[in-house]
Amino acid sequence: MRKFFSFNIILYLKGPILSKGTTNTMGLDSIFYRKSDGLIALKGSHVKGKLRDSFHDLEKLVNLNNFTIDGWFGKKMQEAFDTGKGKLFFSDFDLMETNIQKLKPSTRNSIDRKTGTARDKFLQINENLFVSGSTSAWKGCIQFWAENDKEASSIAESLKVGLKWIGGFGSMKGCGFGRLTKIDVQLNPNKQKTEIAITNTTREYHLTIRMIDDLFVGGKVNSSNYRESVKIISGSVLKGSVARAINDLCGAELNEDINNENKNVYSQFPNLATNFSKIRFTNAFPSGDETKRPVFIPMSTVYSDNKEYKDVAHVNKFALDHTTKKAPTFRIDWKGSEYIEKEFGWEDCITINKTRTSIDIKSRTASENQLYTFQYISPYCNYSGTKANKKRIIWISNIIFPKNNTRETASELFDAIQQAWKYLGKRDSRFDFKINQGLATSAIKERSETIIDDHAVVVLQSDALLFHAFKQSNLENLRELYNKYWSEATNGNMYLVNFFARQKMVGGYFGHQYKQLHNNRYYPWVLTEAGSVFVLKAYDNDLANTQLSRLKIDGLPLPIDIASEVENLGISDGDSWKVCPFVAENGYGEISINLNWHWTKRFNAEQEK
C-alpha cells in the first residue's frame, strides 16, 4: 500500500510582488489575487505552471530521477477546460505575514520609441502591497503518492531542484517583481485520522464535508471559454472521487474499475472491491447547519397572492386562493425564493470567478485562444461577518451499504478513505470530512407513517430516470408513464393519483458515452427533476409500506424495460452504471416520503376546516 506525502514549502520573495486576481477594483487595472476569505495568496495553478516550465528547461540538463513532466503535471489537453490529471497536487501559497502595507498604487507606462515620451492610453495603475526590496514568505505544499520513503525523498529532491531554477513568481517578473531569493522545504508523511464507529447492523451512515479550497464540480457550459460550477456534489462525483483515491492508495490505474478484477485493490480490500459498485452515495447538499440536510422544495408548492407559500399535493381539484380569489403561482413563475430555500435548509452559495491562461513555452507569453474562466463555489456561507469568524458551508450526503457483508465492507471503505481521500472536484480541491452512523436528519421532517389514509406523497430529492424515452413515440402520455413506473417499483401495490413534475434532457457527454441502450445512436436521456411530487394510493397498506420503506433506503430502481435491456447485454445488476449512469448507487432516484410540509402548508386548509 502506498503512502501520501506533503512536501511543505516556504517561498521567500523580494518585493514588489503582484500576482493578479480576476476581479479588479475601481481605479486599479490589476489587483492581487485573493481567496474566499479575503486573504492574498499565490495561486497553486500559478506555482504549478512555473514549476512545469522549470522542468522543461532542466530535463536535458540534470538527472531528475525518472521524473516525467506529463506523468507528474498531467498532459496538456486540446480543450482549455480539459484537465489532464497529474500525480502532483498543489495548494495555494498563503502569505505568512498577517500585516501587509497598503502603499500608494504603482504606475507603469509604455514609451514611444520615436518621441521618447509616454504612449497615449498605455498607463497602468496596479495595487501595491509590498515595499520594494522587502522580503515576504509564502507557505504552501505539493502533495503526492509514493511507494515508500525512499521514492518520496527522490521526488522531493527533484521538486527542490525545479523550484530553485525558478527566477520569480507573479506578474511583471521582467521588471524585477516577485524575485525568488530562498526556499525552505520539509517532507512529511500523511497523518492517520480518527476511527469511525461501525456496528454489525448499521447500513446507513451520513457524510459531512467542509471544503478547504474553493470547489469546482460539474460544469454548466455557458460559452466556449466559461464554466460554472454546480452547488450540489452529486453521488457519482463523490463515488468517482473515492474510487480514484482508493486506486491511488493501492497503486492501481486511476480509471480502473474497482471490482474483483482490480488486483491491486482486491489484495488490500477484498470486501470493498467485491461490493463497491453496490454502495450507494446520495448527492451532497450545501447546508449552513451540519445537523440538518437540505430538502428539495416540492413542485406542489405554490406562492399565493397574500405572500404565503402553500402546498397543493392534496388538492384534487384546483381552485382560486380563497383569500385573494387569484390563482397562486408555481415555482417556475416565482420572482425570488431565497426565504423558502432557507426554510428547506439550503445555504446560499457565493461564487468566485478565476481566470487562467496557458503559457507558450518558447515565447513565455499567453497562448492564443487559451484564456478561460471557472466559476467556483466558495467554502464560506454567504453572510456578513469578519474574515476571522466566517462560517463554512457543510455538504451533507448519505452512504448506504449493501445488505451482505455490511460491516466488513464499511470497515474497509472507511479505512481506505481515511488514508487516501484528500481531493474533490475537477480542480482537485482539498476538504475535511466526518462520517457518523445513521441517515442525516432532514431540514423538513417526514411523518412517521409511510401510508396515511391509503396515500403517500413522494418527493424526488435527486433527478431520476423513470421511463425509457427512446422507446416512446411521444412524451405526452406522462401520467401513463409515471403510473407504469410506480406500479413496477412498488411491485403492483400502489398506483398514481396525481403528480407535479418537470423533465429535462441530459445529452452531451452522457449522450455520446452511453449509447448502448439507444441502438448505439446519440439520443439524450430524459430525467425527471428533483422536487417532482407523486401522490400514490395503496391497494394494500402493509405491502405498500414495505415497498416504499425499501425504496427510501435503496433508492429508485431503473425502469423494468431499461433493466431488461441491461440484462440482455450480459451486464450484471451491480454493473448497470456502465451502460446507464443514472442508478441509485450514483445518487439518482433519492426520495422523501410524506414531508410534514404537505400537511402543515396545505392549500386552502383553513377554508376546508
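The values are calculated or read from the model by the stated rules, or taken from the named source; none is laboratory data. Keep in mind that what you see is a predicted model, and the values were worked out from it rather than measured. Glycine also receives a Cβ, built like all others from the backbone with ideal geometry; neighbour counts cover every protein chain displayed. Areas reflect the complete protein model, heavy atoms only, side chains present, ligands, DNA and RNA absent. Shrake-Rupley method; radii C 1.70, N 1.55, O 1.52, S 1.80 Å.
A few notes on this one:
- Check on W145, at pLDDT 90 or above, touching an Asp or Glu at 6+ places or on another chain (Cβ under 8 Å) and surrounded by fewer than 20 Cβ atoms within 10 Å (Cβ to Cβ): no
- Those residues of the range 582-598 which are open to solvent by 20 Å² or more (accessible area, probe 1.4 Å) and either modelled with pLDDT under 95 or assigned to a loop (DSSP other than H, G, I, E, B) (or both), in sequence order: Y588, N596
- Where a residue in the range 62-91 is on the phi > 0 side of the Ramachandran plot and its partner, wherever it lies, is at pLDDT 65 or above and hydroxyl-bearing (S, T, Y), with Cβ under 6 Å and at least six apart: N65/S154; N65/S158
- Among the residues of the range 301-323, some residue qualifies, meaning at least one is aromatic (F, W, Y), open to solvent by 60 Å² or more (accessible area, probe 1.4 Å) and modelled with pLDDT under 95.
- Residue within the range 233-253 that is open to solvent by 50 Å² or more (accessible area, probe 1.4 Å), closer than 22 Å to L413 by Cβ and either at pLDDT 95 or above or not basic (K, R) (or both) present: yes
- Candidate set: the range 357-366, residues that are out of contact with any strand residue (DSSP E or B) (no Cβ under 6 Å at 6 or more places or on another chain) and under 18 Å from G21 (Cα atoms); chosen: the one surrounded by the most Cβ atoms within 10 Å (Cβ to Cβ): I359
- Qualifying residue in the range 202-223 (condition: modelled with pLDDT of 95 or more, of a type outside the set (G, A, S), open to solvent by 30 Å² or more (accessible area, probe 1.4 Å) and over 29 Å from R550 (Cα atoms)): yes
- Considering only residues in the range 339-355 that are among the hydroxyl-bearing types (S, T, Y) and at pLDDT below 85, the one that is nearest to F216 (Cα to Cα) turns out to be T355.
- Screening the candidates N436, N369, N404, N398 for the property of being surrounded by fewer than 18 Cβ atoms within 10 Å (Cβ to Cβ), on the phi < 0 side of the Ramachandran plot and part of a strand (DSSP E or B) yields one hit, N436.
- The residue pairs whose first member lies in the range 450-478 and is under 19 Å from H598 (Cα atoms) and open to solvent by 60 Å² or more (accessible area, probe 1.4 Å), whose second member is small (G, A, S) and modelled with pLDDT of 95 or more, and whose beta carbons are closer than 9 Å, counting only pairs six or more residues apart or on different chains, are D454/A538; D454/A544.
- The requirement of being in a strand (DSSP E or B) and under 25 Å from the mean Cα position of the chain (by Cα) is satisfied by F285.
- Lone qualifier among G15, G44 - being in contact with a Ser or Thr (Cβ under 9 Å, 6 or more places away or on another chain) and more than 19 Å from T135 (Cβ to Cβ): G44
- Top-ranked residue in the range 148-174 [being in contact (Cβ under 8 Å) with a residue 40 or more places away in the chain and open to solvent by 30 Å² or more (accessible area, probe 1.4 Å); ranked as nearest to L42 (Cα to Cα)]: M172
- The range 175-197 - residue that is basic (K, R) and either within 14 Å of K50 (Cβ to Cβ) or more than 30 Å from the chain's Cα centre (by Cα) (or both) and, of those, surrounded by the fewest Cβ atoms within 10 Å (Cβ to Cβ): K182
- Single condition S358 does not satisfy, out of (1) more than 30 Å from T291 (Cα to Cα); (2) at pLDDT 80 or above: (2)
- Of all residues making up the range 599-609, the number that are assigned to a helix (DSSP H, G or I), surrounded by fewer than 15 Cβ atoms within 10 Å (Cβ to Cβ) and not hydroxyl-bearing (S, T, Y): 4
- Any hit, the range 402-413, residues being over 22 Å from S267 (Cα atoms) and either out of contact with any Cys (no Cβ under 7 Å at 6 or more places or on another chain) or hydrophobic (A, V, I, L, M, F, W, C) (or both): yes
- Within the range 103-120, residues that are closer than 28 Å to I31 by Cβ sit with their Cβ atoms under 6 Å from residues that are assigned to a loop (DSSP other than H, G, I, E, B) and open to solvent by 90 Å² or more (accessible area, probe 1.4 Å), at 6+ positions apart or across chains, in these pairs: N109/F122; N109/L123; S110/R119; S110/F122; D112/R119.
- Filtered by the rule that a residue be open to solvent by less than 30 Å² (accessible area, probe 1.4 Å) and in a strand (DSSP E or B), the range 407-433 gives Y423, L424, S429, F431, F433.
- For the range 103-157, a residue qualifies if it is part of a loop (DSSP other than H, G, I, E, B) and either of a type in the set (D, E, K, R) or closer than 30 Å to F89 by Cβ (or both), and the qualifying residues are K104, D112, R113, K114, R119, D120, K121, E127, L129, F130, E147, N148.
- Counting only strands (runs of 3 or more DSSP E) that sit wholly inside the range 498-578, those with at least 3 residues that are open to solvent by less than 30 Å² (accessible area, probe 1.4 Å) are 525-528, 533-538.
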